[in-house]
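These notes concern the structure reproduced below.
The values are calculated or read from the model by the stated rules, or taken from the named source; none is laboratory data. Every value quoted in this text rests on a predicted model; they were computed, and no experiment measured them. Don't worry about glycine lacking a Cβ; one is built from the backbone with ideal geometry, like all the others, and counts go over all protein chains shown. With ligands, DNA and RNA removed, areas are computed over all heavy atoms of the protein, side chains included. Shrake-Rupley method; radii C 1.70, N 1.55, O 1.52, S 1.80 Å.
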Amino acid sequence: MSELVQDFMTADPITIDAKAPISEAASKMREADVGSLIVMQGDEVSGVVTDRDITIRAVADGKDPNTFPVGEVSSKEVATVSPRDKVAMVIDLMEKIAVRRLPVVDNHKPVGIVSLGDLAVQKDPESTLAQISAAPPND
């Protein structure tokens, strides 16, 4: 039996509009204790923004976090996967395009996000990545 993305993804992803300021993205990440959000342009997934994107592409360059838009620091040309895709295919895709997380989309709507950490926790729980991913957050 094939393992499917829907069995490994984090459901109910947090989204943010591409025009929202990066301060709003950072606040959402803190409140939800996550390191990434799915960026939306209208009803379409347009990218993923991570805490590192905000730090490296905006804060380090002196951008105003209250006015600088998330869409300017988020990934472009984002790949998405379906909840019914096979995990093996998703792992290959992540390796090919060198990403750690992918939005999971069904009928053009984000329904989850799958990360290397999610896959490691489920498939190889004794691995260092799995242990780090499953650990409680630092305060």
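Values as computed for the structure displayed
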read-out: Scan of segment 57-79 for residues that are under 10 Å from PRO21 (Cα atoms) and in contact with a helix residue (DSSP H, G or I) (Cβ under 6 Å, 6 or more places away or on another chain), ordered by number; value: PRO65, ASN66, PHE68, VAL70
read-out: Among the candidates ILE56, ILE38, residue that is open to solvent by less than 80 Å² (accessible area, probe 1.4 Å) and of a type in the set (A, V, I, L, M, F, W, C); value: ILE38
read-out: Residue in segment 94-104 that is open to solvent by 70 Å² or more (accessible area, probe 1.4 Å), at pLDDT 90 or above and charged (D, E, K, R) present; value: yes
read-out: Elements of type strands (runs of 3 or more DSSP E) contained in segment 1-92, each with 3 or more residues being hydrophobic (A, V, I, L, M, F, W, C); value: 36-41, 44-50
read-out: Checking PRO83 against (1) modelled with pLDDT of 95 or more; (2) open to solvent by 30 Å² or more (accessible area, probe 1.4 Å), the condition it does not meet; value: (2)
read-out: Residue tally, condition open to solvent by less than 40 Å² (accessible area, probe 1.4 Å) and touching a helix residue (DSSP H, G or I) at 6+ places or on another chain (Cβ under 7 Å), over segment 22-35; value: 4
